[in-house]
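The values are calculated or read from the model by the stated rules, or taken from the named source; none is laboratory data. Computed from a predicted model, the values in this text were never measured in an experiment. We place every Cβ from the backbone using ideal geometry, glycine too, and count neighbours over all the protein chains shown. Keep in mind that these areas ignore ligands, DNA and RNA; they rest on the heavy atoms of the full protein, side chains included. Shrake-Rupley method; radii C 1.70, N 1.55, O 1.52, S 1.80 Å.
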Amino acid sequence: MSHVDDQHLARPLPDLHAPGIRLRPWDPRSDADVATWLRGTTEPEFRRWNTPLRPVTDLVGARESLRSKAVQAVEGTSASYCVTDADTGTTLGHVGVNGIDHVLRLARVGYWVLPEARGRHVATRALALAAHWAFTGLGLHRLELGHALGHDASCRVAERCGFRYEGTLRGAMFEAGRHDAFRDLHLHARLATDPEPEV
């Protein structure tokens, strides 16, 4: 990992605002952010649908994970946002614009919501806001969204946010909790030229 001082890790990205929510960069220096990141990425529903290459299992790993994401933000290859309640500042979840390719103007998006915030369209609002910023602020042309086959809630979020279903990729992601077995993935995508969805 390249050396980036903590001052530059603090605010590498702009805050984003939409009705009811605020997206702010995760802060690897914040004990509260580190604890929430650990809780979110070890929660059973998250682990059911996601198998990270480097699973986070403790606070040390969570802090290193957030620091890595902050470095990627400074380098312009990823943008990881903490989704918060606009009024209270309470953390609701995460949305990320990942694997940014500035040549092809392409990136992948992903999100998760804490259990207590589910059922309130948090993921839909956060994804719509992050996608709008990726197209207008970063000048990207295409955003891809992949989710495990059977993850119907994620499919609905993608469709509400204008990410069209483009097909099923066979064996394109890890099975839950395994790095030696694979499962199919639904691929959705949205172009900067697609109509802005009404969210």
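Relative contact order of the range 77-133: what whole-number percent is it, with Cα pairs under 8 angstrom and at least 6 residues apart? Each step should come with its number before you reach the end.
Numbers: 86 pairs, mean separation 16.3, N = 57.
29 percent.
Would you work out which of PHE46, ALA35, PRO19 lies farthest towards the positive end of the dipole of the chain, given +1 charges on the beta-carbon of Lys and Arg and -1 on that of Asp and Glu, about the Cα centre?
PHE46
Label the range 71-151 by shape, choosing from rounded, prolate and oblate, from the square roots a ≥ b ≥ c of the eigenvalues of the Cα gyration tensor; if a/c is under 1.5 it is rounded, and otherwise prolate applies when a/b is larger than b/c, oblate when it is not.
Numbers: a/c = 2.08, a/b = 1.52, b/c = 1.37.
Because a/c hits 1.5 or more and a/b exceeds b/c, the range 71-151 counts as prolate.
Whole-Hz Karplus ³J(HN,Hα) for the range 124-132, in order, using 6.51 cos²θ - 1.76 cosθ + 1.60 and θ = phi - 60°, x for Gly and Pro?
Karplus values, whole Hz, x for Gly and Pro: 4, 5, 5, 5, 4, 5, 5, 5, 4.
Give me the Debye-computed log₁₀ of I(q)/I(0) at q = 0.09, 0.13, 0.15, 0.19 Å⁻¹ for the range 88-199, equal point scatterers on Cα only, no solvent, two decimals.
Rounded to two decimals, the profile gives -0.24, -0.50, -0.67, -1.03.
For the range 176-189, take each phi angle, set θ = phi - 60°, evaluate the Karplus expression 6.51 cos²θ - 1.76 cosθ + 1.60, and give the result in whole Hz per residue in order, putting x for glycine and proline.
4, x, 10, 10, 10, 8, 10, 9, 7, 10, 7, 9, 10, 8
Carbon and sulfur: what percent of the chain's accessible surface (1.4 Å probe)? Spell out each step's value before the answer.
Numbers: 5330 of 10200 Å².
Ligands and nucleic acids excluded, carbon and sulfur reach 52 percent.
Using the heavy atoms of the protein chains alone and a 1.4 angstrom probe, what is the accessible area of the range 70-199 per residue in square angstrom? Walk me through the numbers before you get to the answer.
Working: 6230 Å² over 130 residues.
Per residue, the range 70-199 has 48 Å² of solvent-accessible surface.
Based on the alpha-carbon set only, what is the convex hull volume of the chain divided per residue, in Å³?
Working: hull volume 24.3 nm³, N = 199.
Residue-normalised Cα hull volume stands at 122 Å³.
Could you pull out the GluC sites (Glu not before Pro) across the range 94-199 that fall in loop regions by DSSP (anything but H, G, I, E, B) with no more than 13 other Cβ atoms inside 10 Å? Before the final figure, lay out the partial values.
Numbers: sites: GLU116, GLU144, GLU159, GLU166, GLU175, GLU198; in loops: GLU175, GLU198.
Here the GluC sites (Glu not before Pro) that fit, given the DSSP loop and packing criteria, are GLU175, GLU198.
For the range 29-117, take N as its residue count and report Rg(C-alpha) divided by 2.2 N^0.38 Å. Write down the numbers at each step before the final one.
Numbers: Rg = 13.3 Å, N = 89, 2.2 N^0.38 = 12.1 Å.
Ratio of Rg to 2.2 N^0.38 Å for the range 29-117: 1.10.
So, counting K/R as plus one and D/E as minus one, what does the shell of residues with Cβ under 14 Å around GLU144 add up to? Before the final figure, lay out the partial values.
On the way: positive: ARG105, ARG108, ARG142, ARG164, ARG190; negative: ASP101, GLU166, ASP194.
Summing Lys and Arg as +1 and Asp and Glu as -1 gives +2.
Collect residues whose amide H, placed 1.01 Å from N in the peptide plane, falls under 5 Å from the amide H of ASP194; neighbours closer than 5 in sequence don't count.
Placed amide hydrogens put nothing under 5 Å from ASP194.
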